[in-house]
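FYI, it's all coordinate maths here, none of it is from the lab. Just so we're clear, the structure is a prediction, and the values are computed from it rather than from any experiment. Counting neighbours? That spans all protein chains shown, and the Cβs are built from the backbone with ideal geometry, glycine included.
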Amino acid sequence: MTAPVHSAGRWCLASWRSVRLGYQRLHQTQASGRETHFGFQTVSEEEKGERVYHVFESVAKNYDVMNDSMSLGIHRLWKDWLIRHMKPTPGTQLLDVAGGTGDVSFRFINYIRAQREKLYRDKLDSQETLSWSDISKSYSNKDQGSLMGSHAVICDINKEMLKVGKEKSLQLGYSEGLSWVAGDAEELPFADEKFDVYTIAFGIRNVTHIDKALEEAHRVLKPGGRFLCLEFSQVTNPLLARLYDLYSFQVIPVLGQVIAGDWKSYQYLVESIRRFPPQEEFKEMIEDAGFFKVTYHNLTSGVVSVHSGFKL
Ligand SMILES: C[S@@+](CC[C@H](N)C(=O)[O-])C[C@H]1O[C@@H](n2cnc3c(N)ncnc32)[C@H](O)[C@@H]1O
């Protein structure tokens with residue numbers, strides 16, 4: 001069954017992928033409405049959706065504190081890396097799916113603000129003869145306060161996560177350039193070809209049908225648009241992998257219990273990480289959904305990876 005991939009050209013590769021996708025779908029359809037996994041447990045697909053909802057409803061209030069405690073703050077560096085890798089330009093329309101409490105979108109806004117400041121500084125530097133009144137006019141210019149057309153939509157299935165995120169955005173002063181939408185990654189409530197960039201950070205492993213979520217990502221992106229996924233992955237260094245396993249199973253649920261009074265949700269989070277496909281397999285799934293130039297970068301020896309693909 002591997003021969004056609006090597007012996008034929010691009011067209012054949014595409015056909016082979018659709019055959020494989022069809023096979024996967026058939027496989028999934030047989031299971032559809034029946035069984036899937038919730039961490040290490042086997043449950044019905046309906047039950048998985050409900051239980052995932054319940055996990056994030058239950059962790060929402062402590063989500064940010066727990067993220068910092070569990071990752072020793074490293075999740076912040078991974079999210080920073082994601083945005084630097086994205087390199088959004090002023091005007092970018094971002095859809096941040098499973099956006100939760102808004103971390104990725106807030107960083108996106110910060111990045112655009114920094115770009116805008118740099119543009120203004122460069123403009124002022126190149127016009128050395130400007131008077132103070134010109135400079136002050138330039139600073140009170142209407143688009144100075146805006147994100148130059150950039151916008152981030154945070155879409156998440158969980159209303160509690162969105163609520164916590166909205167409160168956080170007000171506290172941190174992110175009033176502009178953000179919208180919060182309740183929606184399912186498998187059935188996005190947006191028109192086709194609407195966004196320049198689609199991100200999903202630590203969200204896709206919770207989705208019941210990953211292939212559907214990937215298809216939806218492809219549908220809502222404009223041609224030329226970019227898919228970016230930050231997710232826990234497979235650790236490449238064997239020693240680190242053992243330590244990481246120990247930490248995940250022995251420490252994280254305990255932290256969940258001590259900080260949030262919730263062992264079970266954090267047990268699920270650890271188990272769901274182990275169930276998620278490794279880097280190469282996930283790359284193929286992204287290609288199957290129709291993305292091109294799919295690549296990935298391992299961060300922290302593969303504790304997480306960032307997959308990227310383009311809609312052509
Ligand atoms: C681990 S949190 C990640 C939040 C945020 N992206 C971050 O990096 O901090 C996972 C999020 O995925 C959301 N989620 C789970 N299933 C989803 C689905 N089918 N559609 C949209 N969001 C989903 C959860 O509600 C939760 O907010």
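Kindly give Rg over Rh for the stretch 62-310, based on alpha-carbon atoms, with the Kirkwood expression for the hydrodynamic radius. Before the final figure, lay out the partial values.
Values: Rg = 19.7 Å, Rh = 19.4 Å.
Result for the stretch 62-310 is an Rg/Rh of 1.02.
Label the stretch 160-237 by shape, choosing from rounded, prolate and oblate, from the square roots a ≥ b ≥ c of the eigenvalues of the Cα gyration tensor; if a/c is under 1.5 it is rounded, and otherwise prolate applies when a/b is larger than b/c, oblate when it is not.
Numbers: a/c = 1.70, a/b = 1.21, b/c = 1.41.
The shape class here is oblate.
With +1 on the Cβ of every Lys and Arg and -1 on the Cβ of every Asp and Glu, and nothing else charged, how large is the dipole of the stretch 62-310 about its Cα centre, in debye rounded to the nearest 20? Present the calculation step by step, with values, prior to reporting the outcome.
Working: 28 positive and 33 negative charges, 116 e Å.
Charge dipole, the stretch 62-310, about its Cα centre: 560 debye, nearest 20.
Which order do the peptides 214-225, 80-91 come out in when sorted by mean C-beta neighbours inside 10 angstrom, highest first?
Numbers: 214-225: 19.5, 80-91: 16.0.
With the highest mean Cβ count within 10 Å placed first, the list reads 214-225, 80-91.
With a ≥ b ≥ c taken as the square roots of the eigenvalues of the C-alpha gyration tensor of the stretch 44-103, please select rounded if a/c is under 1.5 and otherwise prolate if a/b is larger than b/c or oblate if it is not?
Values: a/c = 2.74, a/b = 1.47, b/c = 1.86.
Here the stretch 44-103 falls in the oblate category.
Can you find, among Tyr266, Tyr296, Ser133, the residue farthest towards the positive end of the dipole of the stretch 62-310? Put +1 on the C-beta of Lys and Arg, -1 on that of Asp and Glu.
Selected residue: Ser133.
Once you've got the Cα coordinates, tell me which of Lys79/Lys311; Lys212/Lys264; Lys79/Lys118; Lys61/Lys159; Lys61/Lys168; Lys79/Lys168 are over 20 Å apart.
Values: Lys79/Lys311 22 Å; Lys212/Lys264 27 Å; Lys79/Lys118 22 Å; Lys61/Lys159 12 Å; Lys61/Lys168 11 Å; Lys79/Lys168 17 Å.
Those over the limit are Lys79/Lys311; Lys212/Lys264; Lys79/Lys118.
Work out the length of the dipole vector of the stretch 131-260 about its Cα centre, built from +1 on the beta-carbon of each Lys and Arg and -1 on the beta-carbon of each Asp and Glu, and round it to the nearest 20 debye. Provide the component values of the computation, followed by the final result.
Working: 13 positive and 17 negative charges, 70 e Å.
With Lys and Arg at +1 and Asp and Glu at -1, about 340 debye.
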